[in-house]
1. Would any residue of segment 312-341 have its amide N under 15 Å from a label point 7 Å out along Cα→Cβ of Asp246? List them or say none.
2. If the viscosity is 0.890 mPa s and the temperature 25 °C, what translational diffusion coefficient in µm²/s does Stokes-Einstein give for segment 1-154 when Rh comes from Kirkwood over Cα pairs?
3. With a 10 Å cut-off between alpha carbons and a GNM built on the chain, which of Gly82, Gly184, Gly306 moves the most?
4. With charges set only on the Cβ (+1 for Lys and Arg, -1 for Asp and Glu), what does the dipole of the chain come to about its Cα centre, in debye to the nearest 20?
5. Return the single residue from Ala257, Ala281, Ala269 with maximal mean-square fluctuation; model: Gaussian network over the chain, springs between Cα atoms under 10 Å.
6. Exposure proxy check: Met30, Met125 ranked by fewest other beta carbons within 10 Å?
7. Within segment 184-277, what percent of beta bridges assigned by DSSP are antiparallel, to the nearest 5?
8. Counting Lys +1, Arg +1, Asp -1, Glu -1, what net charge surrounds Gln100 among other residues with beta carbon under 12 Å of its beta carbon?
Amino acid sequence: MVEIDGSMGEGGGQILRTALALSAITGKPMRVYNIRARRDNPGLRPQHLTAVKAIAQICNARVKGAEVGSMTLEFYPSTIRGGSYIFDVGTAGSVPLVLQALLPVLAFADKPVTVKIRGGTDVPMAPTIDYVREVLARLTETLGYKFAVRVERRGHYPKGGGMVTVTVDQPPGGFKARDFIERGELREIALRSHAVKLPRHVAERQANSATAILREKLRIEPRVEIEHGEDTLGPGSGITIWAIFDNTIMGSDSLGAPGKKAEIVGREAAEKLVEDVTTGATLDRHASDMIPLYLALAKGTSRIHGAKLTLHTITVLELLKQTLEIQYTLEGNEGKPFKATLYC
């Protein structure tokens, strides 16, 4: 059994999600202890428990310690099975964070698979669902893994109630090694600004604020999509921006909150994208800690140039080394652009 210390590095839920995905894919039983030990409310929270139960059901795993507040979890996986599944995170637990654990696993299903997840589509401290479908999905497609994300209903903090359907028609059973070093020319920037159970002008102001900054800093007019609706449990807004290069996609996002002006939401997302793009990197700060898992499961050598080295990225690389016995080199300082090479 592989033993993983959940307090290593950033010490949060990403360690658990990554460990479970690797356990299911490799077939190796894992014991994760000190789960989220560095958080104010340590142990499994509802959204982490949903990821545990979802992966367990899909790979017919036997699990010990799967309860809210548990600091230790034992996971004994079996065959990854396709088919149709429905999972409920509850309230506004993040659907994208559950997908962060599930998506690598679904690539190894024995037949096509469809997963419906209820919860929060756009909540704090997590990627937006638009980042998953417009950035992560495009990046994994370059690795030979294609999945479709359909947002049936938005869900915001604190009520949640969103619904997302993910479909993998042809599970590839693995990923391609590749280099994310040369990004090529910038071809287009697009943004989707949404506001639900709020006036339409909230989404428009978010978009206008972001557009002004992108026009000034990157000298490009973005393609704008405004999404406005009422089919949600509670009000919420947000914006996701993605830049399409010849060889990669880079993205950013920001969410609205009570008392937070729409102009600030748009500005935050645009400034974050500008900051990452102007580093000359090929992966944005968020993809830099998501993509290494896929590359570590590919055979061969892969290289990445990330816009910002975060503790999340450092932790993921070390976890991949421990569980898959890969080797890697890392050049750069935390908070700065970096380069890494994975030998798999």
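1. none
2. Details: Rh = 15.6 Å.
Rounded to a whole number, D works out at 158 µm²/s.
3. Gly184
4. Working: 44 positive and 38 negative charges, 108 e Å.
The calculated dipole for the chain is roughly 520 debye.
5. Looking only at Ala257, Ala281, Ala269, the biggest GNM fluctuation is shown by Ala257.
6. Details: Met30 22, Met125 10.
Ranked by crowding around the Cβ, least crowded first: Met125, Met30.
7. Details: 17 of 24 bridges.
So the antiparallel bridges in segment 184-277 amount to around 70 percent.
8. Numbers: positive: Arg17; negative: Asp289.
Around Gln100, the charge tally is 0.
Since every read-out is calculated from the coordinates, none of them should be taken as a lab result. All values derive from a computational prediction rather than experimental measurement. Using ideal geometry, Cβ is built from the backbone for each residue, glycine included, and neighbour counts are taken over all protein chains shown.
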